[in-house]
Every structure is written in structure tokens, then in C-alpha cells.
1. Which helices of the chain meet both criteria: a Cα extent of 24 Å or more along the helical axis and a mean Kyte-Doolittle score no lower than 0.5, with helices taken as whole DSSP H segments?
2. What ranking of Leu273, Leu212 comes out by heavy-atom accessible area, probe 1.4 Å, highest first?
3. How many Å² of accessible area per residue for region 124-246, probe 1.4 Å?
4. At 0.36 nm per residue, and after removing the present C-alpha to C-alpha distance, how many nm does the segment from Ala57 to Leu118 gain when stretched out fully?
5. What value, in deg cm²/dmol to 500, does the helix sum -39500 (n - 2.57) over DSSP H runs of n ≥ 4 give at 222 nm once divided by the residues of the chain?
6. Distance in nm between label sites at Thr161 and Gln349, each 7 Å beyond Cα in the beta-carbon direction?
7. Give the percent of DSSP beta bridges with both residues in region 124-213 that are antiparallel, rounded to the nearest 5.
8. What's the local net charge at Ala151, with K and R +1, D and E -1, over the other residues with C-beta under 9 Å away?
Amino acid sequence: MTAAPTTQTASADTCPTCAVPLTLAEDQPPWCERCEWNLDALAPLERATWFYRSIRARDHRAGFRADRLLATGEPVLPGRGRAFTLLVVVSAVLVAVPAAALLAAVWLLIAGPVTLGLLLLVVVLAVRPRLGRVKKVLKGHYRVAPDRAPALHALIERVATATGAPGPDIVGVNANLWGAWTTVAGIRQRRILVLGIPLVASIDRAELVALLSHEFGHFANRDSWRQLLTRPARVTFGHIASGLRPSRKSGFEREFLGLYLIVYELWRMIIGLLSWLFFAVHAAISAVAAREDRRAEQQADLLAVRVAGRAATLGLFDAIASFPLYRGVVSGATRKGYALRDWQDRITQNRARNDGAETGRLRQLTIRTQASLFSSHPSTGRRHQFVSTLPDTPATVTVSDAEWATIVRELAPYAEVLRNELAEQYEM
Ligand SMILES: [Zn+2]
Ligand SMILES: [Zn+2]
């Protein structure tokens, strides 16, 4: 099955500044590939309120500008500047309040009244800062121990050493994930890497090195430490906002009468307003935090280039931008026991057939579709643009034929899980 091209060059309309034909994509406003004219335009939304639409448009414009600035300016290290300091201070206060309350609770338990102490203790436990639990983080993923995938773990070690980072303590695989991520969780702050099978099927071995070195770049740059320092500020106001959200059911629907109805509706209005206020604070903090995250992503990309070389890093972005073309390939319609290799072969053929023009358009489209102040990643297209400006350096870690074949064999069983799932859906 070949995926239909999703973009094309329109012959009727031309760019007002450089007179080349505009590019069209399904459900998207046309834009100029050469000068990015109209690329900042956003596809209109049907069935959305005026309020949501205007917020979305503003966020998109600002996100587009922020991404462009990041890709074309000097890289800025995350953790610098007043915004980060503010996040740390807010987080410190948010930790200090429950800590003080805990001391007060202990005092009350000793000196009485004990019931008040117990009550306070319950509240403190409910709002305590959390470090995340490894078990919870790994839910829905397969844990891949070194003895099950020695070649994969050996490559991970080599890449980690090259990035100067400690390797992950736990490697996980997700059968359905078109992506990969790292995190740090638990009291022991265990480093976790999760690889998505569809992503692995879409990239070649050099691009896998680029992917791993980007992920370990987060460990090397101690991004999790910065995340931990700012975590209370990032999550608390959102939790409070959703906790305060008033019931959707009005007093009329509940058939309340008289004074009871008035008090109930007043209460709903007040907590609704409070919830909205807390949400506004949460949104503002999220935008600041996301800018930090995008800077961290850029630093991780720099490390990927150093370890995997520029070509492989650019190839990784191209593969990610081309996911819409590969989605049809990763299906249940493959031979049992050969899913991963079949998908890889077909995607490789797809990439070879593609002259780069289609990839270029899809990549450019991500600059529009992924632009948001709340996005933790710069758009794939802007990351590509930024890395393209770097000197062309070769890879320092390479993967041999035998090594790659073993890694594919080690990951194949997880691809079968996805294949069977997809085949079952197909039959249903
Ligand atoms: Zn133009
Ligand atoms: Zn990243």
C-alpha cells in the first residue's frame, strides 16, 4: 500500500513576494515554500467558540515567532534568566507551605487538639510534592532488561558514553508510540528511556544513534534536575484549578429550590471563577516553562549532532516529519513474525522513492502545525532549520551490519505485539 501524497504545488496562485507557485496541503491554507509567506496562517477551526479560536490564534502566532527566533538566533541555555528564577522561587514557596503545615500537624498531634492535627496531616499528604513513581511511569510499556536485548543495551551504553551522560537505569519499549522519551522518576531518581516501535521502524541505524544521543542529551544537560526544581510550579496550579472546577450540573437541574438554589449557584460561580484564575496562572507558568523546555531540546539536538553527525540528525527530523506517510505502512497486513523488518523495508523504499520535495513540504508544514507557546518541543521543521546551519560533522558512534541486525531481532517481538493488535482490529 502506498500512501497518497498529502501536499502538492498549486499552479493557480503564486507568492506575492517571490512569484513562485504556492504549496497546498489538505485542509491547510496555501503557503510559499521559498520565503515562508503565509506559513504562519493557521487552518480555521470549525465548531469552536470565538473565545477558544482567538486564544488559539494568538498562541499560534506567538509560538510561531518563538520557534523562528529559537531556530535563527544564538542558542540560549535553559536555566538562565529571570523566568527560570521565578519558576524556582514559586516552586520553593509551594514546597515550603506543605512543609510548614507538616510541622504544624506534628505539633498539634503532640500538643493537641489531635483531631485538628490529623486533619491537617491528611491535607498535607494530599498536596505533598511528588517525585513520580517508576511503576506508574512504566505502566503500559515493556521493560527491556539487558539480558533480553544485549546488543541494544550495548549500543545505548556506547551512545551514553559518547554524550558524556550516565546511561538510563531502565529501558522500556512501547508498541504503539510514534516517538521516544526520557524521564527521571522515584525517590532514587532513576533514569528511564522509552522507545516507540513505530518510530524505530521509521528510522535507520544512524538515525537511531541520533535519537539516542538526543535523549541522553537530556541526561547530560541535567534537564531532569531543572524539571524537578520547577515541577511544583508547573503542576500545582493546574491541580488546584481542576480540583476547584465546579459541577456541570446546575441547581435547576438538581431541582434545588429557594435559598438553597441561590446559595448553590453562588458557590458554583465563586469556585468557577477561582478555578479559572488558577488555570490562567497555570497557563502563564506553562508557557514560561515550555520556553525553557524548547531551549533544552535545542541543546539536546546539538549533542545529537556531535555524536551522530549532522546528516543523521537531519534524517531523524525528516523521518519524524514524514510520519503521516508511514502510518499506513505500519499495519497488521504483514507476515506474522516479520512485522518490524517488513515495516522497515517498506518505509526505506518509501523514503528512497521520495525525492525530498514531499519531505520538505511536510517538514515545512510542521513549522505551522506544531507552533505553540505551550509546546515542549520546537517544531520539527525549525529544528531541521537550526541543525542545517551547523557545520557538517561526521558521526562518532556508528553501528555495524551485524549489530543492527541483532538489535532489530531483539526488538522484533514488541513489533509483533503491535502487528497482532492491528491485525485484530482489521479483522473486526
Ligand atoms: Zn515566496
Ligand atoms: Zn528531547
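1. Length and hydropathy pass: 82-111, 258-308.
2. I get Leu273, Leu212, largest accessible area first.
3. Computed with neighbouring chains in place, this is 46 Å² per residue.
4. Details: separation 61, 0.36 × 61 = 21.96 nm, distance 4.82 nm.
This chain segment gains 17.1 nm when fully extended.
5. -20500 deg cm²/dmol
6. Result: 3.9 nm between the two label points.
7. DSSP beta bridges in region 124-213 are roughly 60 percent antiparallel.
8. Details: positive: Arg409; negative: Glu403, Glu410.
Its environment carries a net charge of -1.
The values are calculated or read from the model by the stated rules, or taken from the named source; none is laboratory data. Remember, predicted model here, so these are calculated numbers, not experimental data. Please note: Cβ atoms are built from the backbone with ideal geometry, for glycine as well, and neighbour counts cover all protein chains shown. Only protein heavy atoms, including side chains, enter the accessible area calculation; ligands, DNA and RNA are left aside. Shrake-Rupley method; radii C 1.70, N 1.55, O 1.52, S 1.80 Å.
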